[in-house]
1. Which helices (runs of 4 or more DSSP H) sit wholly inside region 381-482 and have at least 2 residues that are farther than 26 Å from residue 354 by Cα and open to solvent by less than 40 Å² (accessible area, probe 1.4 Å)?
2. If residue 201 passes every condition in (1) farther than 20 Å from residue 338 by Cα; (2) in contact (Cβ under 8 Å) with a residue 12 or more places away in the chain but one, which one does it miss?
3. Among residues belonging to region 104-121 that are over 12 Å from residue 14 (Cβ atoms) and of a type in the set (A, V, I, L, M), point out the one that is surrounded by the fewest Cβ atoms within 10 Å (Cβ to Cβ).
4. Would you mind telling me which numbered condition in (1) over 24 Å from residue 441 (Cβ atoms); (2) among the charged types (D, E, K, R); (3) at pLDDT below 90 residue 141 fails?
5. Residue 90 fails exactly one of the following numbered conditions: (1) of a type outside the set (Ser, Thr, Tyr); (2) part of a helix (DSSP H, G or I); (3) open to solvent by less than 10 Å² (accessible area, probe 1.4 Å); (4) closer than 25 Å to residue 133 by Cβ. What is the number of that condition?
6. Let me confirm something: among 90, 116, which residue is at pLDDT 95 or above and either among the small types (Gly, Ala, Ser) or closer than 24 Å to residue 163 by Cα (or both)?
7. Test residue 454 against the criterion of being modelled with pLDDT of 95 or more and under 20 Å from the mean Cα position of the chain (by Cα), and give yes or no.
8. Scan region 195-204 for residues that are farther than 17 Å from residue 384 by Cβ and either open to solvent by less than 30 Å² (accessible area, probe 1.4 Å) or of a type in the set (A, V, I, L, M, F, W, C) (or both) and jot them down.
Amino acid sequence: MAEVLQVNPFDFVVFGGTGDLAMRKLLPGLYYRERDRQMTDESRIIAVSRTDQTVEDFRGTVWAALQRHVPAEDLDAAVWERFSARLGYVSLDATRPLGWEPLQALLKGHEDKARVCYLATAPSLFGAICRNLQVAGLVTDTCRVVLEKPIGHDGKSANAVNEEVGAVFPEDRIYRIDHYLGKESVQNLMVLRFGNALFEPLWNSSWIDHIQITVAESVGVEGRAEYYDKAGALRDMVQNHFLQLLCLVAMEPPAHLSGDQIRNEKIKVLRALRPITQADVKTKTVRGQYRAGSINGQPVPGYADELTRPSNTETLVAIKAEIENWRWSGVPFYLRTGKRLPIRYSEIVVQFKDVPHSVFPKGSGDLMANRLVIRLQPDEGVQLNIMTKVPGPGGLRLRSVPLNLSYAEAFKDRYPEAYERLLMDVVRGNPSLFMRRDEVDAAWSWIDTILAGWEQADLRPDPYAAGGWGPISAALLLDRDGRRWHDPEL
């Protein structure tokens, strides 16, 4: 098992500390860091919420959440005893400047610790909370703030949020989190590219035909219908997760992997994206919305049924993106995400070009181009498809076979999940896997152009049955280029 290095003492203050994100991701993640003894004895976790309850009540709520979200075999009485002793609670309306005395009292005398203020709230509250932190005198030199997505619903609103937060915190102490960047397989993407002589010389338009990035969900909008209807798949997924993944796939090698080096290379990719305007949206983008259908043999309602009213919000989006630089000229990046698809999975597919000439006799089998598949979920791993000879008599027969690396099989020990790693990076003060403001601005600039193009072209979502792979227009997006979406089950 890899050595776990303790982080320096910290106070971790979670605003929205009784909400779904805190209970489902943040507190279970911090529990695992306790389990691995990564936190010093002096470190504390303080939840802030408007709910009027005692510390004992809050600890009971956390224990119930851990029982729901942590496997029973990972729950340990001794670990819980240590972890619960760290937990504090303050009842406070953080959007108002009054009533901060209990939090001030808890934090007084701990100014030398790293102080993390995690805003697990609606983005509309970010500015008010930061201003009130400053008024209360709680923004120390060691204080940093974590912002959850989405940051705004367009470039203008994102800029307003960033201005408000930036008036209190300097840019180097603002951590805009995207949990996809904490996934092992995403981190391994950089190692694959920059740690192996096999791949990086081929990572360009001379050898790569195209790249696909897919994030498929089998669930619908569940309890997020009202939020989702204001966002849609483009804002909810592409503006953050997809563009961050695209940047890591397409960026130039950084000088090193610390500080701003990775973020400097990512912003170059975002600024090189070719705008998709009104003239292009019908040929380079697809909007879809699921209707009633079935998932795993069970009937499920359509999006409008879940929302209880008609809507033009897209639950699926597919895009042909292009990067205008020397490395990627002529290489399309196909992006696809949707809800109520047949299975839940996320992957990056790097499709290499065909060999320039076949030396094999006719009848030996088709030569298939090499393909690298980086699986992000549910079973993280890497698969490289290569051509090989089928063993045995009967002449030369060719077949494409996978070389498969499964993290679960190769590494038996449990490794930290995305939120766990990113939370500790905030404590350490390592910003490399978090979005910088200019990245947010550049991403929204590209997305805003698509949104404007959809509106100007009156491009409405194409219907697709729940449990299918989306509307036919999503398949045609690649078919027009003589390509097809990768089947994850092959």
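The values are calculated or read from the model by the stated rules, or taken from the named source; none is laboratory data. What you are looking at is a predicted structure, and each value in this text was computed from that prediction instead of being measured. Don't worry about glycine lacking a Cβ; one is built from the backbone with ideal geometry, like all the others, and counts go over all protein chains shown. The accessibility values were calculated without ligands, DNA or RNA, using every heavy atom of the protein model including side chains. Shrake-Rupley method; radii C 1.70, N 1.55, O 1.52, S 1.80 Å.
1. Answer list for region 381-482: 418-428, 437-457.
2. (2)
3. 105
4. It is condition (3) that residue 141 fails.
5. (2)
6. Going through 90, 116 in turn, just one is at pLDDT 95 or above and either among the small types (Gly, Ala, Ser) or closer than 24 Å to residue 163 by Cα (or both): 116.
7. In short, no.
8. Of region 195-204, the ones farther than 17 Å from residue 384 by Cβ are 204.
Of everything in region 195-204, nothing turns out to be farther than 17 Å from residue 384 by Cβ and either open to solvent by less than 30 Å² (accessible area, probe 1.4 Å) or of a type in the set (A, V, I, L, M, F, W, C) (or both).
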